[in-house]
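Asks: Have a look at this one.
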Amino acid sequence: MKKKIMALILASLMTVSLFGCGSKGGADTADTADTPGSENAEEDPGNDTDSESGTRASSDIKICYSIKGKNAWLEEQGRGCIEACEKLGIPDPTIVYNEDQADAASQSQAIEDMIALEPDAIIVDPTQAEVIATVLNKAADQGIIVVETDTVGQLDMVSASVGLDEYNAAYEQAKTMCGALNEGDKAVIVAGTQGDNNAENRLKGQQDACKDAGIEVLDAQYADFSADKAGSVMEDMITRFDGEFQAVITPSDDMTLACINALRQAGILDQVKVAGYGGFQIAVDAIKEGSMYMAVGMKPYQCGYQSVEIINDILTKDQYPEEEFIDVGAEMVTADNVDSWEGF
């Protein structure tokens with residue numbers, strides 16, 4: 001693969017949003033606020049090629065990142081990637097945010113365009129893994145390292161998967177919630193999208209934790225990660241289980257706020273504890289005001305940052321991670337520690 005510096009502009013005719021990273025003063029310049037990366041980052045990256053092992057110099061590495069959509073959470077992944085490259089002496093990455101998280105065809109085309117840039121590595125936060133697998137296999141066949149982030153565990157060609165153990169995080173979420181309930185209290189769950197890998201793992205973790213804590217789950221209904229649908233599901237549960245439940249558990253902060261609004265309108269918010277998932281600034285604000293009991297604090301920045309570290313280790317040291325899945329971890333954010341948690 002040629003060792004030229006990666007072009008920062010990706011010409012794409014598909015409906016994707018191009019994000020030119022690391023530029024100065026442009027409208028699409030990444031936010032480079034001082035957010036700490038992982039502690040094992042190299043302070044002074046080596047830029048000498050090891051002729052004996054055939055490893056690469058950090059300054060010669062070219063990275064592309066295809067991210068399934070664009071919101072504050074997903075942009076944190078991109079920021080982590082950018083800042084890891086800066087710290088390790090890797091040229092600015094090319095990052096493309098898909099405009100629609102359901103549009104796998106656009107993501108496939110974006111990855112095709114990335115392959116044409118002859119990168120050393122492609123990081124991908126997949127829309128639909130089964131759809132983009134073909135083009136990613138093409139990349140891997142050409143010797144391009146593939147690392148998946150966020151929605152992980154569904155691609156076979158990857159060298160590493162960097163994300164959150166969704167089951168364990170959701171289990172800890174519900175366990176924390178159940179610890180604040182009384183014996184005999186009951187809960188309801190407003191779930192994500194049926195069949196979605198992350199949604200199903202979160203739901204199972206929540207259900208198992210409630211069962212282990214002796215808290216009965218009256219119902220679990222899918223709401224497709226939609227705030228509007230979550231509000232409607234919550235209204236239905238309020239009608240069907242009038243006064244019977246003391247906790248609501250959700251898989252996303254947007255859905256949580258919709259549930260809170262429904263509970264408030266029904267006049268029972270002060271009787272119910274609500275658990276969110278994400279750690280967005282909206283969750284931080286809700287916890288501080290007392291309308292949300294807790295939220296799972298996720299770490300998207302680390303998804304991007306640690307992916308770059310892994311790629312750098314592979315190419316400069318021929319060192320692959322000991323485990324294919326790298327769990328970036330999560331924090332259970334409550335009123336006790338919300339002041340130290342930075343939302344996004």
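Asks: Go over the candidates 154, 77, 107 one by one and state the one that is of a type in the set (S, T, N, Q), more than 23 Å from residue 205 (Cβ to Cβ) and in contact (Cβ under 8 Å) with a residue 40 or more places away in the chain.
Replies: Numbers: 154 fails: more than 23 Å from residue 205 (Cβ to Cβ); 77 fails: more than 23 Å from residue 205 (Cβ to Cβ).
Exactly one of 154, 77, 107 is of a type in the set (S, T, N, Q), more than 23 Å from residue 205 (Cβ to Cβ) and in contact (Cβ under 8 Å) with a residue 40 or more places away in the chain, namely 107.
Asks: Out of the residues in segment 107-165 that are of a type in the set (Gly, Ala, Ser), at pLDDT 95 or above and part of a helix (DSSP H, G or I), which is surrounded by the fewest Cβ atoms within 10 Å (Cβ to Cβ)?
Replies: That would be 116.
Asks: Do any residues in segment 270-289 that are buried (at least 21 other Cβ atoms within 10 Å of the Cβ) have Cβ atoms under 6 Å from those of residues that are among the charged types (D, E, K, R), where the two are at least six apart or on different chains, and which pairs are they?
Replies: 276/253; 278/253; 280/253; 283/253
Asks: Mind checking which pairs have a first residue in segment 313-338 that is free of Cβ contacts under 8 Å to residues at least 60 places away in the same chain and open to solvent by less than 60 Å² (accessible area, probe 1.4 Å) and a second that is outside any strand (DSSP E or B) and of a type in the set (S, T, N, Q), Cβ under 6 Å, 6 or more apart or different chains?
Replies: Once the first residue is free of Cβ contacts under 8 Å to residues at least 60 places away in the same chain and open to solvent by less than 60 Å² (accessible area, probe 1.4 Å) and sits in segment 313-338, its partners that are outside any strand (DSSP E or B) and of a type in the set (S, T, N, Q) give 313/319.
Asks: Same structure, new question: Kindly provide the set of residues from segment 236-269 that are within 14 Å of residue 295 (Cα to Cα) and either at pLDDT 95 or above or open to solvent by less than 30 Å² (accessible area, probe 1.4 Å) (or both), ordered by number. Spell out how you get there, then give the answer.
Replies: First, pick out the residues of segment 236-269 that are within 14 Å of residue 295 (Cα to Cα): 247-257, 259-260.
If the condition is that a residue be within 14 Å of residue 295 (Cα to Cα) and either at pLDDT 95 or above or open to solvent by less than 30 Å² (accessible area, probe 1.4 Å) (or both), then 247, 248, 249, 250, 251, 252, 253, 255, 256, 257, 259, 260 are the ones that fit.
Asks: Looking at segment 223-238, can you tell me whether even one residue there is aromatic (Phe, Trp, Tyr) and without any contact (Cβ under 8 Å) to a residue 40 or more places away in the chain?
Replies: Restricting attention to segment 223-238, the residues satisfying the condition of being aromatic (Phe, Trp, Tyr) are 225.
In the following step, the residues that additionally are without any contact (Cβ under 8 Å) to a residue 40 or more places away in the chain were identified as 225.
Yes, that holds for at least one residue.
Asks: Inside segment 193-210, can you point out the residues that are touching a strand residue (DSSP E or B) at 6+ places or on another chain (Cβ under 7 Å), part of a loop (DSSP other than H, G, I, E, B) and open to solvent by less than 60 Å² (accessible area, probe 1.4 Å)?
Replies: Answer for segment 193-210, where residues must be touching a strand residue (DSSP E or B) at 6+ places or on another chain (Cβ under 7 Å), part of a loop (DSSP other than H, G, I, E, B) and open to solvent by less than 60 Å² (accessible area, probe 1.4 Å): just 193.
Asks: Please specify each residue of segment 330-344 satisfying the condition of being in a loop (DSSP other than H, G, I, E, B) and either at pLDDT 95 or above or within 15 Å of residue 286 (Cβ to Cβ) (or both). Break it down stepwise before answering.
Replies: The initial filter retains those residues of segment 330-344 that are in a loop (DSSP other than H, G, I, E, B), namely 330, 335-337, 341-344.
Selection gives 330, 335, 336, 337, 341, 343, 344.
The values are calculated or read from the model by the stated rules, or taken from the named source; none is laboratory data. Note that the structure is predicted; figures quoted are calculated from it, not measured. A quick note on method: Cβ atoms are made from the backbone with ideal geometry, for glycine too, and the neighbour counts reach across all protein chains shown. Just the protein is used for accessible areas: all its heavy atoms, side chains included, with ligands, DNA and RNA removed. Shrake-Rupley method; radii C 1.70, N 1.55, O 1.52, S 1.80 Å.
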